[in-house]
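Some notes on the structure that comes next.
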Amino acid sequence: MGSFLAEAELAMELTRLKQCLSRLSGDWQDMVLLAYYQGWTREELAAQYKRPATTIKTLLRRSLLALKECLDGQA
């Protein structure tokens, strides 16, 4: 039964993460998913989105902060 509860809790967390991700703008959502789910580097993202790698770094950081605030229930 503990396994069922753990799976249910994980499903709820994933639902919350999806909801928070949906609050990000389209490009920001895509960048976060490509970087942290697909493993793209900042340089690969910079080439894809035609922006400097430093800008990509800033956008990823802002996106992660927004996700953290959302997941913490502050936004």
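The values are calculated or read from the model by the stated rules, or taken from the named source; none is laboratory data. Since the structure is predicted, the reported quantities are computational estimates derived from the model, not experimental observations. Here Cβ is always computed from backbone atoms with ideal geometry, including for glycine, and neighbour counts include all displayed protein chains. Each accessible area value is taken on the protein alone, full model and side chains, heavy atoms only, with ligands, DNA and RNA left out. Shrake-Rupley method; radii C 1.70, N 1.55, O 1.52, S 1.80 Å.
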| For region 27-69, which whole percent of the accessible surface, found with a 1.4 angstrom probe, sits on carbon and sulfur atoms? | 52 percent
| For the charge dipole of region 32-75, defined by +1 on Lys and Arg C-beta atoms and -1 on Asp and Glu C-beta atoms about the Cα centroid, which residue among Leu67, Thr55, Val32 has the Cα displaced farthest towards the positive pole? | Thr55
| request: Leaving out ligands and nucleic acids, note down the accessible area per residue over the chain with a 1.4 angstrom probe, in whole Å². | output: 75 Å²
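Helix-derived [θ] at 222 nm for the chain: sum -39500 (n - 2.57) over DSSP H runs of at least 4, divide by residue count, nearest 500?
Here the helix-only value at 222 nm equals -25500 deg cm²/dmol.
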| task | Let me know the Rg and Dmax you get for the chain when you use only its Cα atoms, in Å. | result | 14.6, 50
